[in-house]
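A quick write-up on the structure given underneath.
The values are calculated or read from the model by the stated rules, or taken from the named source; none is laboratory data. If you're wondering where the values come from, they're calculated on a predicted model, not measured in any experiment. A quick note on method: Cβ atoms are made from the backbone with ideal geometry, for glycine too, and the neighbour counts reach across all protein chains shown.
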């Protein structure tokens, strides 16, 4: 009989203990939820987003630790309790997400359950070359610069991108400068595909017909446009610079573009030396006649249109003053006098 009473008392205490534990759990959850859910919200522009990668197979505990380690939450218990109570441990989707420190636990879990992966904008400036784009992508955490550059060497989804044997990158010149929405998880190849597709759409049938009328291929147009992009600093100079290059080609003169030397060097050297112009490279437009083997940058529409609709002129030379404005000449003697005048 005593044993039966002891068993009943033990069962009673077990029930009471479980109830107390449950009450404490609910109480803790309530406090944490109240603290988190009453946080004052601010606009996204005033809150820095934190990007985290939720890997496949991560449970609520691991996700809670990840959020805490990245400073998104001030602890792990609240998130774990909510996920457990709502039975969401196995419903949290893998992916790349953007969170901020002002989000409530409910908001965080809602994002994870619905798989609202993050996306952000990145602007590729006009005139950036492959190396500069790769560096920017790496700075933004999208792709490694080396991976992007390696893929760009042979990336050519369109016929007009088929490169000269001496070209550095097939993709150079055909990645349209623009603002793109990039989702976390996109690869270097995805970026190349997106940017080249944008170029193909921007270079319209009318523009292709105009290039053909001028006796230029799409590739030749882009090579010239890349030179204009890197040389011009004032918009009104673009079509005149384009015409100077075409005049020099017709006269069988070397283009002598400083921008091609800077492309060889890998950086924008303010003032070139005579020795710089003697660097042996197929891109050296001081040493080789005709167009370089490929574009030296990715030009914008303004430079492309400057080539296609350049202003008729007899100019063969140009030099920029300290403000970036170019001054044009018909003869070498005039060119030398112009240099003396503006320097």
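Computed quantities for the displayed model
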read-out: Any hit, the range 72-86, residues being surrounded by fewer than 12 Cβ atoms within 10 Å (Cβ to Cβ) and at pLDDT below 80; value: no
read-out: Qualifying residue in the range 236-255 (condition: farther than 22 Å from residue 330 by Cβ and either in the same structural domain as residue 332 (by TED's automatic domain parsing) or part of a helix (DSSP H, G or I) (or both)); value: no
read-out: Hits in the range 104-126 - residues which are over 30 Å from residue 178 (Cβ atoms), touching a residue at least 40 places away in the same chain (Cβ under 8 Å) and buried (at least 16 other Cβ atoms within 10 Å of the Cβ); value: 104, 105, 108, 112
read-out: Condition met for residue 335 (in contact with a strand residue (DSSP E or B) (Cβ under 9 Å, 6 or more places away or on another chain) and either free of Cβ contacts under 8 Å to residues at least 60 places away in the same chain or part of a loop (DSSP other than H, G, I, E, B) (or both)); value: yes
read-out: Checking residue 175 against (1) closer than 30 Å to residue 49 by Cα; (2) surrounded by fewer than 23 Cβ atoms within 10 Å (Cβ to Cβ); (3) touching a helix residue (DSSP H, G or I) at 6+ places or on another chain (Cβ under 9 Å), the condition it does not meet; value: (2)
read-out: Criterion (buried (at least 23 other Cβ atoms within 10 Å of the Cβ) and either free of Cβ contacts under 8 Å to residues at least 40 places away in the same chain or within 29 Å of residue 312 (Cβ to Cβ) (or both)) met by exactly one of 152, 232; value: 232
read-out: Residues within the range 199-235 that are outside any helix (DSSP H, G or I) and over 31 Å from the mean Cα position of the chain (by Cα), tallied; value: 2
read-out: Lone qualifier among 168, 135, 140 - being out of contact with any strand residue (DSSP E or B) (no Cβ under 9 Å at 6 or more places or on another chain) and either exposed (fewer than 14 other Cβ atoms within 10 Å of the Cβ) or at pLDDT below 95 (or both); value: 168
